[in-house]
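Nothing in this text is a laboratory measurement; each read-out follows from the coordinates by a stated rule. For clarity, every value in this text was computed on a predicted model and none was experimentally measured. In this analysis, Cβ positions are derived from the backbone assuming ideal geometry, glycine residues included, and neighbour counts consider all displayed protein chains.
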Amino acid sequence: MDLNLRKAVLHNVSGNDKQQLQDTIVDAIQSGEEKMLPGLGVLFEVLWNNADEKKKDEMLGIMSDGLKE
């Protein structure tokens, strides 16, 4: 069985509007289920790959600050 998680996640959210994406992210975080983490990783990969250097630096700053708490 050839399971490509990245492709499956992208297929599941393809065409979603901003509200649907937010709902997916919030649900994944609030559920606290480990099985949701790979999907969030795929969504982060999309975000990272489509961000310019300024946005990437901003994301890194937010992550760095969040990890200090």
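Some points to look at:
- Helix-only [θ]222 nm of the chain, DSSP H runs n ≥ 4, -39500 (n - 2.57) each, per residue, nearest 500: -24000 deg cm²/dmol
- Distance between the pseudo-spin-label points of GLN22 and ASN4 (7 Å out from Cα toward the beta carbon): 3.2 nm.
- Formal net charge of residues neighbouring SER64 (Cβ-Cβ distance under 13 Å; K, R +1; D, E -1): -2
- Between helix 37-49 and the chain: long-axis angle, C-alpha atoms, 0 to 90°, nearest 10: 60
- Share of alpha-carbon pairs per 5 Å distance bin for the chain, given as whole %: 3, 14, 19, 25, 22, 12, 4, 1, 0
- Highest mobility in the GNM of the chain, judged by mean-square fluctuation with C-alpha springs under 10 Å and restricted to VAL26, VAL42, VAL13, is found for VAL26.
- Between 0 and 90°, nearest 10: helix 18-31 axis offset from the chain longest Cα axis: 90
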